[in-house]
Amino acid sequence: MRTTTIALTLVALLCACTREPAHLSADLVVRNGDLRTMSATNPRATALAVLAGSIAYVGDDAGVAAWIGTGTKVIDAGGHTVLPGLIDSHIHAAEGALALGGCTLHNEELTIAQAADAIRACVAADKTSTWIVVNEVNPAGFKASAQELDAIEKQRALFLWGTDGHTAWVNTRALELAGITRTTADPAAGRIERDPRGDATGFLVDGATSLALDVMDKPSQAKRLDALRSVLPKLHAVGITSFLEANTDEPTVDAYAELARLGQLDARVTIAFESSAENEPSEFQRLEAQRAKLAGNPLFRPDFIKVMADGVMEHPTQTAALLAPYNDAKGKPGKSTGKLYLAPADLVAFVQEAQKRAFNVHVHAIGDAAVRETLDAFAAARAAGSTQLLSISHLQLIDPADLPRFAALRVQPSLQLLWAQPDNYSIDALTPWIGAERMGRQYPARSLIAAGADVAGGSDWDVSSFNPFEAIATAMSRKNPKEPERPPLVATEAVTLDQMLAAYTLNSARMIGRDREIGSLESGKQADFIVLDRTYDDETTADEVRVTRPTSVYFAGRDVTPASD
Ligand SMILES: [Zn+2]
């Protein structure tokens with residue numbers, strides 16, 4: 001009798017288990033949502049449950065009911081779209097955070113005469129700094145000589161920073177402090193523009209900007225920490241909960257480590273370390289020491305190295321490396337093909353040494369020659385057995401023959417598709433210089449996807465806005481809302497909303513090797529998700545996407561929705 005009772009009880013328990021699993025009640029439940037899970041097996045759902053920071057259930061409203069207990073917070077999503085927390089696969093969050101609130105020309109198209117008053121105001125507002133930095137100078141077609149800047153400020157160093165992060169204009173005092181004279185050689189990865197007499201004009205490109213940046217007063221660690229702390233809610237406000245910090249220096253590593261130690265890092269940060277890409281033991285030892293500082297905290301993945309393969313394509317900088325020469329201003333073929341910043345054999349060796357030391361590689365490549373060089377180096381690495389995560393960012397121009405190599409070599413493209421709009425960068429600063437055929441191949445998002453590539457989304461902020469919805473809208477429309485009269489930029493390369501939602505979630509998670517943690521709404525993954533202010537459907541237009549805002553943002557199951565301002 002006794003035995004029978006136990007057996008019956010066991011049967012009853014087992015039955016209960018199969019019907020309704022015995023589990024704890026959830027901390028949080030979302031129901032009545034339009035969940036875009038990004039899961040191949042279960043792409044749409046209406047509800048999810050969160051337990052201890054992870055997703056415990058994804059399914060329908062009836063199924064989630066069993067997860068609701070007395071202590072469960074229940075959110076009615078009102079039928080709105082719910083997405084995994086967005087992932088920016090290429091951003092300079094720490095650097096951008098430091099520039100926030102600083103002096104800026106707002107990327108407006110200005111001549112130096114038009115900008116002079118604003119620059120004077122910057123100088124007047126800062127009575128103490130040795131260096132006056134003016135951010136967001138629209139570089140396409142901008143010209144300012146050291147003498148013109150001297151007329152605005154002579155005593156202190158003036159540094160006008162191009163929005164592209166590759167160009168700077170400085171006054172004579174800045175040239176002096178940076179130690180730039182007529183005998184200073186161009187750095188390997190940069191150019192000091194000179195007049196016919198050989199004197200520096202004040203225009204510095206790529207690595208030459210570092211000659212000035214390296215001697216500037218550095219922000220204090222307290223300032224860096226404050227900046228980082230203040231930028232996270234701004235990222236959350238547009239749905240970003242994870243990102244690849246695309247060129248991280250040592251003070252930034254320290255700031256992240258401190259923010260995490262204080263328990264204030266509400267984001268998953270993947271670190272790509274800034275590197276000269278010199279294949280020297282000392283360089284790798286430096287990188288390993290940085291990596292060790294962030295080891296052990298699961299919010300970080302600190303094992304990527306960022307490498308610069310070339311510069312930018314726009315006139316007058318033209319440091320992107322092209323397979324065929326730039327044209328002259330009349331559209332006739334010129335002599336320069338731009339600049340590969342690393343010799344191909346050196347890049348091959350560096351990538352393979354990185355594999356030996358368990359680093360992944362993320363490369364900046366804009367021109368088709370730099371893209372090919374990088375793919376060649378990655379092909380050599382794969383042939384030697386590389387299991388690294390390999391990715392290339394920007395990819396403004398890709399030779400069609402190289403498109404299938406991304407899928408074949410498991411190389412992920414990180415595209416900044418907010419740039420795929422017609423404006424003074426993509427049209428005016430390029431048209432005569434790269435010619436119609438290459439103009440028609442800019443930012444080939446659709447071609448990459450058609451060739452099987454796993455396209456990831458990214459902003460490159462503070463080069464341009466980090467708002468993913470603006471980039472997604474531009475990728476769909478290839479239009480510029482500020483200049484609606486311009487035709488779309490290569491309309492045939494437009495992609496769909498679904499493709500872009502994947503780009504900012506699961507594809508970016510794969511690129512940074514965190515797709516087991518994040519990137520989709522699936523049981524066992526981290527509870528990073530956002531609820532939008534609307535419901536997306538097949539009719540959703542780019543204009544609607546552009547103005548989308550998340551109304552709720554959850555990180556590890558915690559509500560991190562910033563107070564709206
Ligand atoms: Zn970048």
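The values are calculated or read from the model by the stated rules, or taken from the named source; none is laboratory data. Bear in mind that the values here come from a model prediction, so they are computed numbers and not experimental data. Backbone-built Cβ (ideal geometry, glycine too); neighbour counts: all protein chains shown.
Answer yes if at least one residue in the stretch 214-224 is under 21 Å from the mean Cα position of the chain (by Cα) and either assigned by TED's automatic domain parsing to the domain that holds Arg156 or closer than 24 Å to Asp528 by Cα (or both), and no otherwise.
no
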Worksheet item: Residues in the stretch 101-131 that are part of a loop (DSSP other than H, G, I, E, B) and in contact with a Lys or Arg (Cβ under 8 Å, 6 or more places away or on another chain): how many?
Response: 3
Discussion item. For the condition surrounded by fewer than 22 Cβ atoms within 10 Å (Cβ to Cβ), modelled with pLDDT of 95 or more and not assigned by TED's automatic domain parsing to the domain that holds Gln526, what is the one hit in Arg261, Arg268?
Written reply: Arg261
Discussion item. Here are the criteria: (1) touching a residue at least 40 places away in the same chain (Cβ under 8 Å); (2) farther than 16 Å from Ser426 by Cα. Tell me which single one Thr496 does not satisfy.
Written reply: (1)
Practice prompt. Kindly list, by first and then second residue, each pair from a residue in the stretch 293-308 that is in a helix (DSSP H, G or I) to a residue that is within 16 Å of the ligand (Cβ to nearest atom), limited to pairs with Cβ atoms under 9 Å and residues at least 6 apart or on different chains.
Written response: Leu294/Val269; Leu294/Ile271
Worksheet, complete the sentence: Scanning the stretch 518-565 for residues that are under 16 Å from Val30 (Cβ atoms), of a type outside the set (Val, Ile, Thr) and not in a loop (DSSP other than H, G, I, E, B) gives Gln526, Phe529, Leu532, Pro550, Ser552, Tyr554, Phe555, Arg558, Asp559
Practice prompt. Could you pull out the residue among Ala563, Ala542, Ala494, Ala556 that is surrounded by fewer than 24 Cβ atoms within 10 Å (Cβ to Cβ) and in contact with a Gly (Cβ under 6 Å, 6 or more places away or on another chain)?
Written response: Ala556
Worksheet item: So Thr209 fits all but one of (1) within 16 Å of the ligand (Cβ to nearest atom); (2) under 30 Å from Glu148 (Cα atoms); (3) in a strand (DSSP E or B); what number is the exception?
Response: (3)
Response to the item:
When the stretch 87-118 is checked residue by residue, the ones that are hydrophobic (A, V, I, L, M, F, W, C), away from the ligand (no atom under 16 Å from the Cβ) and touching a residue at least 60 places away in the same chain (Cβ under 8 Å) are Leu100
